[in-house]
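**Q** Okay, handing you the structure first.
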Amino acid sequence: MSNSKSSFQRTLLASSIAACVFAGGSQVAVAQSSAEGIEEVTVTGIRKAQEDSVSLKRDASQIVDGISAEDIGKLPDVTITDSLQRIPGVSIRRSAGEGSTLIVRGLPQVGSQLNGEAFMSAGSITTVQPSYGDLPSQLFKGADVYKTSSANLSNAGITGTINLKTHRPFDFDDGFTAAGSVEVQQGQDTGETDPVASGLVNWKTDTVGVMVSASYANTNLANYYNGFNTGNPTGDASWVNGINSWGGNEPINHLSPQGFAAWNQVTERERVGFNGSFQADLGEGFQFTADAFFTQQDEYNRKVGMSVTNKWQGLDWFNDVQGRNVGVQANGQEWMTVSRWDMNPKRLKSFTQNDSFLSDSTNVSLQLDYDNGGKLTGSMRYVQGDATRKRRHGYNEGDMTDGTSTGIAGGTFYPAEYCAGVAAVGDDGGCYLPTNPLGYTDNPQLVLDTSGSHGVWSGFNNTVNGGLGAGATISDYMSNLDSYNIGAFSSENNADSQADFRAFRMDGSYAFDEGKFFTSVDIGLRSSTRSVEETRFHLFSPFYAGYKNQNGDLVEDGCGVQWKATDVILGNPDGCTAGEMVNGDFVGYTALPPTALDQHNNVMWVTDFGPVKGIPGVWAVNPKDYDDPVAFHNRVFGSTQRMVIPGTSYGVEMKENSFYVQGNFEAGIMSGNVGVRVIETDLLIVQNLVGDGIPYGNTNVDNGDNVSKRSYVDILPSLNLAFDVTDAVKIRAAYAKNMTPLDLAAWGDGRTISTSLDSTTGQFEPNAVSDGGNPNLDPWRSDNFDLSAEWYVGDASMASIGTFLVDVESFPIGASYDEDFILSNGSIRTIPVSGPTQGEGGQITGVEIAGKLALSDLADGFISGFGIDANFTYSPSESDQRDINDKKLPFPENSETQYNLVLWYEQYGLQARIAYNYRSERFNGTHMNMAIFQKEAAYVDMSVSYDITDDFTVYMNGSNITGEYEDYYMQWEDQYAFQNYYEPRYTLGLRARF
């Protein structure tokens, strides 16, 4: 590796002159070029798709696997990622039950391409990891997974590169071609009937072709959650470690979550996609291709649920816990896992949350290819991509406490306009009003038992004192709408993200005379720029405009408040105040007056919490009320103001200039390529410096910019070897040094200071600090080694076994340290700060075994319609990150074992397929040195179709038909953390082609 920019520029200039001899431009990788001509859409079906993937793997110069559409607009599964998980070594993450992000060989640092070049997806604006949730699968004809790199493969990842392939006009026969489908989807739990439609029209002659395809879907997806509060959903984020003792027992360490939650979420996704392509044979060997690819998705994650918390007021809110000692000590005390919590929470509430993501992306590609049948070929290509993504958040809490348990039993202070019939105590007629007269007074006594497959709640029949009188149970309060008041309205952590990508490349290839060791040489140049701007903000609204502050002056514009809540008092002397004198002291007004749950909102009775049992039900606001949170807050509070969160708003520009040269060779049974790619990267990172906190909110003053500039050069050699031992047996070996950039947020994201109401100061004070990014981090770098053997026994049948080693040189890991912060009363509090730092290395080793069998390659008759596609991956990993036991942890996202089994039948117009996907436990990260794992999971999908005629097919699909769910634990398998449950979904449709 060299950091000499001037030497790189000299090399680049010299190679530019050489490259200009060629006609420059598109991907010249042999594997990709050979794959372009494989697709023959006039032959369809499962067997043809399997035959294409076998042919791709056999003919490639690298280790490649792929999927192909079984028909126009029909990939094997509901989403692209669901289909790709069938490939050995590929696993996925799910979002609302649909496949979204991809992991190859245990790492998410995967390159992503569209027709051989990088592109912008709104689902992964800042990330390297591909996220295809916003890309309609009906627009693609297939996808290739490159597991080894070559010098002429641009945008390569650490463990793999995904190339998505769309249809182009010259893929089709001359004349007019049309295809389309209409279908309805339904979830087992949502019961919604969701429409999906797609279509493609192509017209082609010998010299010109035009193709247009489009897709529309509006789906409603159910998923359920229960377990620890782990983020925004309940307003009381995170879990912490607590030390408690009961009776005469010795003190022990155990997990003390700040709260527990159970919720029901329906995700609505309205997805539109368009793909247009024009191709022309210009004569003399020149061919021009223009592509346009557009996607738009409006996603609403509407959740309602129940939460119990201690409102950040200590960790001693458990009467007792039951579990086992694990034989590990911390701070001189034994650690204990917990399977049953007997709790007395200060707060029992319903909550409603709606996180919407409005995203779109546009990608345009112009490509000129030259191939006149001679020794010289080449191409030139320009691509441009733009993407935007808007996140909007709406949230409220339905409190059932009257304020006694949370420290506001005497009510909260309001101006005279709210005081009809209540004794005034302030100089200007202000009064104290009860927060929730019909709420409970005592802390409710509840139990959560997680020793079984799913959590079981109990205790709701216990009596509790409060406004409903003697003998009323907790369940009585939950079922009485008048026992709820709004604890808080908020819209926080909103974000506007925009990104653009530009790339220009020239590639050329020269073929040598037959009989030479080197059959051809490829050379190319590429220059790209990728930039992203992320602006995050909270919505503030003004309160008490025209009222007096603590100096007796009028507050003309009111005091801006983020949390419109019953515990936000506008008396902070360091900020805006509004209130009046009471017995000689200034008392601030409370931001939110007593507000019934249904005063500004539509409400709903919620009893469906998925597999968790025992919760009788809660009243909650309908989350559709927050589809547009800005409009809601404007209507209720008069206006809103965007208050930027400087620490997490940033900009990153990444420029890459690269050059490659690759020699392709063949001698006897051996063939392959050897080459080197040189990449110069320039980074410009703009972060905001975080100043003092802004009162009544969770953001800070912007103290200016911190601008960082980075430059580095990577020299990446690669070697791919293939040995045709027999006509049916091929041995492959490969080596490559790989580099892929970090997620741009890992460089640009800044400091987040989380606050909560402090009982000693009466103000919101810092309780946790995190640095999201670090401009000094290096990109991911690795050395990759591969060895495999392949046996081809028919056009659609093969077996393979391979082993690989990924030796990771650099990657980011989490770290923490303590830092002192000054509180509002001048005291100092030491707070842990977490953030990324440079990892020192790690390895992933693995074995992949795969087999595809179409019995038509071996037999005739009825049995010839059957087929199998099966694979197994074993890939243990080890990084330098350690857990509480000082044990080395695997890389995040990695599962040690994964296997797929697909059984299919195709004959007499009938196609049937059932697919089983299994992955062992997955490392999900750490919290306070406690490892978080997702337990093993297995998903079953199925599809059946029948050709009514040659042109019409009726089909039915089922996704996750066994109702598999995600089960997470912390450090020890019996330490329950949380669960995600996704509903089974079914599709009925009609497909036509002409």
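**Q** What are the chymotrypsin sites (Phe, Trp or Tyr not before Pro) within the range 422-526 that DSSP puts in a loop, where the Cβ has at most 13 other Cβ atoms within 10 Å?
**A** Sparse-neighbourhood loop chymotrypsin sites (Phe, Trp or Tyr not before Pro): Phe517.
**Q** Applying the Karplus parametrisation 6.51 cos²θ - 1.76 cosθ + 1.60 with θ = phi - 60° to the phi angles of the range 636-653, what ³J(HN,Hα) value in whole Hz is obtained for each residue in order, glycine and proline being reported as x?
**A** Karplus-based 3J(HN,Hα) across the range 636-653 equals 7, 10, x, 6, 9, 9, 6, 10, 5, 8, x, x, 10, 10, 7, x, 9, 10 Hz.
**Q** Using Cβ counts within 10 Å as a stand-in for footprinting exposure, how do Phe804, Phe274 rank, fewest first?
**A** Phe274, Phe804
**Q** Shape call for the range 734-869 from the C-alpha gyration tensor, a ≥ b ≥ c root eigenvalues: rounded (a/c under 1.5), prolate (a/b greater than b/c) or oblate?
**A** prolate
**Q** Something else now. Using label points projected 7 Å from each Cα along Cα→Cβ, tell me how many nm separate Leu366 and Asp974, to one decimal.
**A** Roughly 6.7 nm, to one decimal.
**Q** Please report how far the C-alpha centroid of the range 504-542 lies from that of the range 445-465, rounded to the nearest whole angstrom.
**A** Taking the Cα centre of each part, the range 504-542 and the range 445-465 sit 56 Å apart.
**Q** Counting only other residues whose beta carbon sits under 11 Å from that of Ile961, what net charge do I get with K and R as +1, D and E as -1?
**A** That works out to -2.
**Q** Which entries in Lys48/Lys375; Lys375/Lys737; Lys147/Lys375; Lys390/Lys935; Lys147/Lys852 show an alpha-carbon gap greater than 23 Å?
**A** Lys48/Lys375; Lys375/Lys737; Lys147/Lys375; Lys390/Lys935
**Q** What whole-number value in cubic angstrom gives the convex hull volume per residue for the C-alpha atoms of the range 28-171?
**A** Working: hull volume 14.3 nm³, N = 144.
Dividing the Cα hull volume of the range 28-171 by its residue count gives 99 Å³.
**Q** Moving to a separate point now. Of all beta bridges DSSP finds with both residues in the range 28-171, what is the antiparallel percent, to the nearest 5?
**A** Taking every DSSP beta bridge within the range 28-171, about 85 percent pair in antiparallel fashion.
**Q** So the label point goes 7 Å from the Cα of Asp807 along Cα→C-beta, right? Which residues of the range 866-895 then have their backbone N under 17 Å from it?
**A** Answer for this model: 877-880.
**Q** Spin-label point model (7 Å from Cα, Cβ direction): what's the Thr529 to Tyr916 distance in nm?
**A** 5.4 nm
**Q** Which FRET efficiency, nearest 0.05, do Asn480 and Asp316 yield, Cβ-Cβ r, R0 35 Å?
**A** So the FRET efficiency works out to roughly 0.75.
**Q** Something else now. Kindly give the semi-axes, whole Å and largest first, of the ellipsoid equivalent to the range 398-536, taking each as the square root of 5 times a Cα gyration tensor eigenvalue.
**A** Over the Cα atoms of the range 398-536, the semi-axes work out to 68, 28, 9 Å.
**Q** Explain nothing, just compute: Karplus ³J(HN,Hα) = 6.51 cos²θ - 1.76 cosθ + 1.60, θ = phi - 60°, for every residue of the range 902-911 in order, whole Hz, x for Gly and Pro.
**A** Using θ = phi - 60°, the values come out as 10, 10, 9, 9, 8, 5, 6, x, 9, 10 Hz.
**Q** Give me Tyr905, Tyr916, Tyr224 ranked fewest to most by other Cβ atoms within 10 Å of their Cβ, as a rough exposure proxy.
**A** Starting with the residue having the fewest Cβ neighbours, the order is Tyr916, Tyr905, Tyr224.
**Q** What does the C-alpha gyration tensor say about the overall shape of the range 376-458? Classify as rounded when a/c is under 1.5, otherwise prolate if a/b is larger than b/c, or oblate. List each step's numbers first, then the result.
**A** Numbers: a/c = 6.80, a/b = 1.81, b/c = 3.77.
In terms of gyration-tensor shape, oblate.
**Q** Restricting to DSSP H runs of at least four residues, report the calculated mean residue ellipticity at 222 nm for the chain, -39500 (n - 2.57) per run over all residues, nearest 500 deg cm²/dmol.
**A** My calculation for the chain gives -2000 deg cm²/dmol from helical runs alone.
**Q** What ranking, highest mean first, results for peptides 976-983, 629-636, 466-473 when packing means the other Cβ atoms within 10 Å averaged over each residue?
**A** Top of the packing list down: 976-983, 629-636, 466-473.
**Q** Once you sort the root eigenvalues of the Cα gyration tensor of the chain as a ≥ b ≥ c, which label holds: rounded (a/c under 1.5), prolate (a/b larger than b/c) or oblate (the other case)?
**A** It comes out prolate by the Cα gyration axes.
**Q** What would the Debye formula give as log10 I(q)/I(0) at q = 0.11, 0.14, 0.15, 0.21 Å⁻¹ for the alpha-carbon point model of the range 846-994, no solvent?
**A** Each listed q corresponds, in turn, to -0.61, -0.83, -0.89, -1.26.
**Q** Test of understanding: what is the full-extension gain from Met604 to Val328, defined as 0.36 nm times their sequence separation minus their Cα-Cα distance?
**A** 94.8 nm
**Q** Could you give each residue of the range 183-193 its phi-based ³J(HN,Hα) in whole Hz, using Karplus coefficients 6.51, -1.76, 1.60 with θ = phi - 60°, and x for Gly or Pro?
**A** Couplings: 8, 10, 10, 8, x, 4, 9, 5, x, 6, 9 Hz.
**Q** If R0 is 25 Å, what FRET efficiency do you get for Met581 and Asn825 from their C-beta distance, rounded to 0.05?
**A** Given R0 = 25 Å and the Cβ-Cβ separation, E is 0.70.
**Q** Separate question: Between the DSSP loop rule and a limit of at most 12 other Cβ atoms within 10 Å, which trypsin sites (Lys or Arg not before Pro) in the range 254-347 are left?
**A** Numbers: sites: Arg269, Arg271, Arg302, Lys303, Lys311, Arg324, Arg340, Lys346, Arg347; in loops: Lys311, Lys346.
Loop-located and lightly packed - none at all.
**Q** Sticking with this structure for a sec: So if I take the centroid of the Cα atoms in the range 842-912 and the same for the range 381-442, what is the distance between those two points in Å?
**A** 52 Å
**Q** Sticking with this one: Sorted by mean Cβ packing within 10 Å, highest first, what order do the peptides 126-139, 652-665 take?
**A** Ranked from most to least packed, the peptides come out as 126-139, 652-665.
**Q** Shifting gears a bit: Suppose R0 equals 60 Å; then what is the FRET efficiency for Asp59 and Asp883 from their Cβ-Cβ distance, rounded to the nearest 0.05?
**A** So the FRET efficiency works out to roughly 0.85.
Rule-based calculations on the coordinates, nothing more; no lab input. On a predicted model such as this, the values are computed, not experimentally measured, just so you know. Don't worry about glycine lacking a Cβ; one is built from the backbone with ideal geometry, like all the others, and counts go over all protein chains shown.
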